[in-house]
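Enquirer: Dumping the structure here so I can ask a few things about it.
The values are calculated or read from the model by the stated rules, or taken from the named source; none is laboratory data. Note that the structure is a prediction, hence the values are computed from the model and not measured. Glycine also receives a Cβ, built like all others from the backbone with ideal geometry; neighbour counts cover every protein chain displayed.
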Amino acid sequence: MTEVLTADAAGIARAAALLRAGGLVAFGTETVYGLGADASNPAAVAAVFDAKGRPHFNPLICHYPDAEAAFAHVEATPDARRLAAAFWPGPLTMVLPRRPGCPVALLAGAGLETLAVRVPAHPVALALLRAVGRPVAAPSANRSGQVSPSTAEHVLAGLSGRIAAVLDCGPCPVGVESTVLDLTGPRPVLLRPGGAEAEAIEALIGKVGRPIPPAAAEAARGLRSPGLLVSHYAPGLPVRIDAASVAADEALLAFGPPLPGAAVAFNLSETGDLTEAAARLFAGLRWLDAEGTRRGLARIAAMPVPARGLGLAINDRLQRAAAPRS
Ligand code: TXA
Ligand code: MG
């Protein structure tokens, strides 16, 4: 049985006690719900991979209540300190070298010499992290490959019975995962576009290396069956992106004025607001999947979203949702 905890003092204390005892507790952050485990407990970290059905030991992000706690476990570069001052608490994850004696289980970092750290901007998450008093490893709280959760109901839909508890923190205000920035090389590299805008990061520390978009990376590899590598955030129905029209057997994920003729539609933002669209993305994909499936539709058609600001993160997630499945 998975306990559903209210985000009050008693609920936070119970969640912290479960985490300290090695249990798995999902909790809300400003981006998406995370599946938390005591990062210094290797068995708890291993249980996270098991509960998610994550096939590879993909490294996890460690969550801290403040920059000082994070930088006690990783070496902060000057850029990292400036970014922390500007973006934390907030949706930015920094990959930095582990410090000697770092107590985080090697499995949490998939055996790498580096560690991804972040300070989330959610009052309940911060209270929980302070109460736990240990680093909390937390990937998104969904079964591997599925759409990330932005409500406690989404978490339960995928993980009920597989985790000790979920701390209900309400809907996540940002709605897409954090931006992941690698600061371990000669030049910072954006590993994943997310809630912290790349333009704002570059305004602070200069140009960062951009990742190759998933679709282009796939084309460059020339793989016939690349779904294994790229497919992610995938609803049950297939997804078609950059839709300029919508067919009778398609459910429409709209952005701005909707295309005419859709039997079922979910509008990310009627006014074309990227912040609103990011916050509604995963709930919209889930709703269209359920409603489209119920009505026997063939796929979800997604309208184009501009590739700037949070649009970079939205497009990354849509391209992955549309990638060939393995
Ligand atoms: O918003 C978020 O980041 C959410 C909330 C819960 O904080 N978490 C999240 O975690 O999205 P997850 O596990 O779904 O994504 C972690 C990403 C992966 O792309 C992983 O490869 C990358 O961070 N990552 C983690 N540690 C890394 C490391 N040491 N080096 C490079 N990439 C790393
Ligand atoms: Mg994830």
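Enquirer: Could we say that T6 is among the polar types (S, T, N, Q), more than 16 Å from ligand 2 (Cβ to nearest atom) and touching a Ser or Thr at 6+ places or on another chain (Cβ under 6 Å) here? Let's see the steps before the verdict.
Expert: Numbers: among the polar types (S, T, N, Q): yes; more than 16 Å from ligand 2 (Cβ to nearest atom): yes; touching a Ser or Thr at 6+ places or on another chain (Cβ under 6 Å): no.
Criteria not met by T6.
Enquirer: Taking the criterion of being surrounded by fewer than 18 Cβ atoms within 10 Å (Cβ to Cβ), in contact (Cβ under 8 Å) with a residue 60 or more places away in the chain and under 20 Å from S144 (Cα atoms), would at least one residue in the range 283-298 satisfy it?
Expert: The answer is no; no qualifying residue exists.
Enquirer: Just to be sure I understand the filter: pairs with C-beta atoms under 7 Å, separated by 6 or more residues or on different chains, first member in the range 163-176 and over 13 Å from A125 (Cβ atoms), second member in a loop (DSSP other than H, G, I, E, B) and among the hydrophobic types (A, V, I, L, M, F, W, C). Which pairs pass?
Expert: Sorted first by the residue in the range 163-176, then by its partner, the pairs are I163/L24; A164/L24.
Enquirer: If we scan the range 103-113, do we find a residue that is within 17 Å of the chain's Cα centre (by Cα), assigned by TED's automatic domain parsing to the domain that holds G133 and touching a residue at least 40 places away in the same chain (Cβ under 8 Å)?
Expert: Looking only at the range 103-113, we keep the residues that are within 17 Å of the chain's Cα centre (by Cα), and these are 108-109.
Still in the list and also assigned by TED's automatic domain parsing to the domain that holds G133: 108-109.
Then keep just the ones that are touching a residue at least 40 places away in the same chain (Cβ under 8 Å); that gives 108-109.
Looking through the range 103-113, at least one residue is within 17 Å of the chain's Cα centre (by Cα), assigned by TED's automatic domain parsing to the domain that holds G133 and touching a residue at least 40 places away in the same chain (Cβ under 8 Å).
Enquirer: Here is a follow-up. If you scan the range 79-113, which residues turn out to be modelled with pLDDT of 95 or more, surrounded by 16 or more Cβ atoms within 10 Å (Cβ to Cβ) and farther than 23 Å from V174 by Cα?
Expert: Within the range 79-113, D79, L96, P97, R98, C102, V104 meet the criteria.
Enquirer: Report whether or not L190 is touching a Leu at 6+ places or on another chain (Cβ under 9 Å) and modelled with pLDDT of 95 or more. Full working, then the answer.
Expert: Details: touching a Leu at 6+ places or on another chain (Cβ under 9 Å): yes; modelled with pLDDT of 95 or more: yes.
Here the answer is yes, as L190 does meet what is asked.
Enquirer: Output the helices (runs of 4 or more DSSP H) that fall wholly within the range 1-97 and possess 1 or more residues being out of contact with any helix residue (DSSP H, G or I) (no Cβ under 6 Å at 6 or more places or on another chain) and more than 21 Å from R130 (Cβ to Cβ), or say none. Give the steps one after another, and end with the answer.
Expert: On the way: elements: 9-20, 42-52, 67-71, 78-87.
Once the helices (runs of 4 or more DSSP H) in the range 1-97 are filtered for at least 1 residues that are out of contact with any helix residue (DSSP H, G or I) (no Cβ under 6 Å at 6 or more places or on another chain) and more than 21 Å from R130 (Cβ to Cβ), what remains is 42-52, 78-87.
Enquirer: Give the residue, chosen from A76, A17, A43, A67, that is more than 24 Å from R99 (Cβ to Cβ), among the hydrophobic types (A, V, I, L, M, F, W, C) and surrounded by fewer than 23 Cβ atoms within 10 Å (Cβ to Cβ). If you could, list the steps in order and put the result at the bottom.
Expert: Working: A76 fails: more than 24 Å from R99 (Cβ to Cβ); A43 fails: more than 24 Å from R99 (Cβ to Cβ); A67 fails: more than 24 Å from R99 (Cβ to Cβ).
Going through A76, A17, A43, A67 in turn, the sole match is A17.
Enquirer: Same structure again: Among the residues of the range 118-131, is there at least one that is surrounded by fewer than 23 Cβ atoms within 10 Å (Cβ to Cβ) and either in a strand (DSSP E or B) or not assigned by TED's automatic domain parsing to the domain that holds S178 (or both)?
Expert: No, the range 118-131 has no match at all.
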